[in-house]
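Each remark here refers to the structure printed beneath this line.
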Amino acid sequence: MVYVGYRSEVATSDLLLRLLEERLDVYVPWCELDQMRLFRLQSADELTPGAFGIPEPDSELRSDPDRLGDLAVLDAIVLPGIAFDRQGGRLGQGRGYYDRLLNAVSPECILIGLAFDVQMIEIIPVESHDISCDVIVTESEVIRCSPLSKEGTR
């Protein structure tokens, strides 16, 4: 699953196109009330502005049950964030969409945060429900996180 980059988030359009060209199963999130849902994307043309103006699957396509995603099939999730730390802590937008989603994924699913160097900070305060990233990728490094003392490990 790959988030669809919006505003100041790390852009993911090239990544999405590359994954689609490789003919991999690519899922993107979309919001329905207070829940995040998954949609199997087949073309970037299937995205239109949705909740909060964030590009998401066209509403007509979401009714196709063959295109809806199942958390159990995800091998990796690419996550946005406002800030990250080297232990895998992630600060989101504060609405809890990703927190609820991540609490339901398999422990084998790799969680990858995308960030700019400037978004890396010393420590993100975490709570017991927070899930840590396994890897964070910035423009200058790939950080393999070590959540030794974090409450939100998996």
Answer from Arg18, Arg7 - the residue that is free of Cβ contacts under 8 Å to residues at least 40 places away in the same chain, in the same structural domain as Asp64 (by TED's automatic domain parsing), farther than 15 Å from Asp70 by Cβ and not aliphatic (A, V, I, L, M) | Arg18
Ile82 versus (1) more than 26 Å from Arg37 (Cα to Cα); (2) out of contact with any Cys (no Cβ under 8 Å at 6 or more places or on another chain); (3) modelled with pLDDT of 85 or more: which is the lone unmet condition?
-> (1)
If you check Val135 against the conditions, is it surrounded by 12 or more Cβ atoms within 10 Å (Cβ to Cβ) and modelled with pLDDT under 95?
-> no
Determine which single condition Asp130 fails, assuming it passes every other condition in (1) at pLDDT below 85; (2) buried (at least 16 other Cβ atoms within 10 Å of the Cβ); (3) over 20 Å from Met36 (Cβ atoms).
-> (3)
Gly69, sole failed condition from (1) touching a Phe, Trp or Tyr at 6+ places or on another chain (Cβ under 7 Å); (2) surrounded by fewer than 18 Cβ atoms within 10 Å (Cβ to Cβ) | (2)
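Could you say which residue among Tyr98, Tyr27, Tyr6 is hydroxyl-bearing (Ser, Thr, Tyr), assigned to a helix (DSSP H, G or I) and on the phi < 0 side of the Ramachandran plot?
Details: Tyr27 fails: assigned to a helix (DSSP H, G or I); Tyr6 fails: assigned to a helix (DSSP H, G or I).
Checking each option against the conditions leaves just Tyr98.
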From the list Leu74, Leu111, pick out the single residue that is without any contact (Cβ under 8 Å) to a residue 60 or more places away in the chain and within 29 Å of Glu141 (Cβ to Cβ).
-> Leu111
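What residue, among those in the range 68-82 that are in a helix (DSSP H, G or I) and of a type outside the set (Gly, Ala, Ser), is nearest to the chain's Cα centre (by Cα)?
Ranking the qualifying residues of the range 68-82, first place goes to Leu71.
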For residues that are at pLDDT 95 or above, touching a strand residue (DSSP E or B) at 6+ places or on another chain (Cβ under 8 Å) and not in a loop (DSSP other than H, G, I, E, B), tally how many sit in the range 101-123.
-> 7
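Say whether the condition of being part of a strand (DSSP E or B), touching a helix residue (DSSP H, G or I) at 6+ places or on another chain (Cβ under 8 Å), within 14 Å of Tyr3 (Cα to Cα) and not basic (Lys, Arg) is met by at least one residue in the range 50-67.
Quick first cut of the range 50-67, residues part of a strand (DSSP E or B) only: 55-57.
From what is left, the residues that are touching a helix residue (DSSP H, G or I) at 6+ places or on another chain (Cβ under 8 Å) are 57.
Restricting the remaining residues to those that are within 14 Å of Tyr3 (Cα to Cα) gives 57.
Filter once more, keeping what is not basic (Lys, Arg): 57.
Yes, the range 50-67 contains at least one residue that is part of a strand (DSSP E or B), touching a helix residue (DSSP H, G or I) at 6+ places or on another chain (Cβ under 8 Å), within 14 Å of Tyr3 (Cα to Cα) and not basic (Lys, Arg).
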Quick one: is Asp45 more than 16 Å from the chain's Cα centre (by Cα) and either among the small types (Gly, Ala, Ser) or not in a loop (DSSP other than H, G, I, E, B) (or both)?
-> yes
Note on the range 2-37: residues among the acidic types (Asp, Glu) and under 18 Å from Glu139 (Cβ atoms) are Glu9, Asp14
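The values are calculated or read from the model by the stated rules, or taken from the named source; none is laboratory data. Keep in mind that what you see is a predicted model, and the values were worked out from it rather than measured. Here Cβ is always computed from backbone atoms with ideal geometry, including for glycine, and neighbour counts include all displayed protein chains.
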